[in-house]
Amino acid sequence: MNAIATTAPSSTSALVHPSIHPDERAAREELAACYRVFAMLGWTEMIYNHITVRLPDSVTGGEKQFLINPFGLHYSEVTASNLVKIDLQGKVLDGSSYPVNPAGFTVHAAIHDGLEGAHCVMHTHTTAGVAVACLQGGLQQTNFYTAQLHDMVAYHDFEGITIHADEGPRLLKSIGERNAVILRNHGLLAWGQTLPQTFAILWTLQRACEIQMATFSMGQAIPVSEEIARRCTRDALQFSPEHGAGQDVFNALVRQVDRIDPSYRN
């Protein structure tokens, strides 16, 4: 969600104190790894967009706090130590010298606060995702991936750059309980109980958009029936906590990142 911050980022990254809670350290490393995965997949938009994670109660004592990328850095530059810890108002809690993009914490905070199961929120501006978000009719039930998202996709109408807190309640109403979200004229969003689960949902949504864009460029698509789509969504196990909820896929991608550049752990 693009917006311009008024403060330039510092040349030095925020330091994670040695006394940091191990659960926060684990959350920081997992989230930093995810930013590198997005960079590896090409799911980047210069210095914009966000992946956020709500910190567990063991770290916050029950307060709602989450980690977000430092505004001004490319995803390939994000590390465990330079992630910024903020509250629901966007206040920096860890002494980071980096600014936070207001379009990041406005929408993400609304979802983290308003949806009980929203541990992680991801947002992208990929070409395929934005293209489908701009298409009259949106995502259509015509391929293997859309068939796994039957009744899982919500739509939210475009209201401009997402820096106004009053959009939050309308966004939550649009989402309901659906984990995959198409922000019309804007891009894709997913939320979930864990980071790997959220990634699995977003990856499936992204693939659905990519295949639709390719298909529609060639001609008329073959529709998938409601009955088949319901069956596919029921039979697909990649989102289910009982079957790892995407952990195995995410781990495989992190291993690739580790072979390329493990500096995200710093």
State yes or no: is Gly117 more than 24 Å from Leu171 (Cβ to Cβ) and either exposed (fewer than 15 other Cβ atoms within 10 Å of the Cβ) or within 14 Å of the chain's Cα centre (by Cα) (or both)? no
Could you grab me the full set of residues in segment 92-121 that are within 19 Å of Asn82 (Cβ to Cβ) and touching a helix residue (DSSP H, G or I) at 6+ places or on another chain (Cβ under 8 Å)? Cys120
Need pairs with beta-carbon distance below 6 Å; first residue over 13 Å from Thr215 (Cβ atoms) and within segment 136-149, second open to solvent by less than 10 Å² (accessible area, probe 1.4 Å); sequence gap 6+ or separate chains. Gly138/Ile182; Ala147/Ala229; Gln148/Thr204; Leu149/Ala180
If only one of Val153, Val181 is in contact with a His (Cβ under 8 Å, 6 or more places away or on another chain) and either in contact (Cβ under 8 Å) with a residue 60 or more places away in the chain or buried (at least 17 other Cβ atoms within 10 Å of the Cβ) (or both), which one is it? Val181
Out of segment 82-95, which residues are open to solvent by 20 Å² or more (accessible area, probe 1.4 Å) and touching a residue at least 24 places away in the same chain (Cβ under 8 Å)? Lys85, Asp87, Leu88, Leu93, Asp94, Gly95
Subset tally (residues that are assigned to a loop (DSSP other than H, G, I, E, B) and either in contact (Cβ under 8 Å) with a residue 40 or more places away in the chain or more than 19 Å from Val107 (Cα to Cα) (or both)) for segment 53-76: 9
Selected residue (criterion: least open to solvent (accessible area, probe 1.4 Å)) from residues of segment 162-178 that are of a type in the set (Gly, Ala, Ser) and not in a loop (DSSP other than H, G, I, E, B): Gly168
May I ask you to list the residues in segment 209-228 that are closer than 24 Å to Gly187 by Cα, out of contact with any helix residue (DSSP H, G or I) (no Cβ under 7 Å at 6 or more places or on another chain), among the aliphatic types (A, V, I, L, M) and open to solvent by 60 Å² or more (accessible area, probe 1.4 Å)? Met218
Candidates His108, His125, filtered to the one that is within 27 Å of Lys64 (Cα to Cα) and crowded, with 23+ Cβ neighbours inside 10 Å: His108
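The values are calculated or read from the model by the stated rules, or taken from the named source; none is laboratory data. Note that this is a predicted model, so its numbers are computed, not measured. Please note: Cβ atoms are built from the backbone with ideal geometry, for glycine as well, and neighbour counts cover all protein chains shown. Protein only, heavy atoms only, side chains kept; ligands, DNA and RNA dropped before computing areas. Shrake-Rupley method; radii C 1.70, N 1.55, O 1.52, S 1.80 Å.
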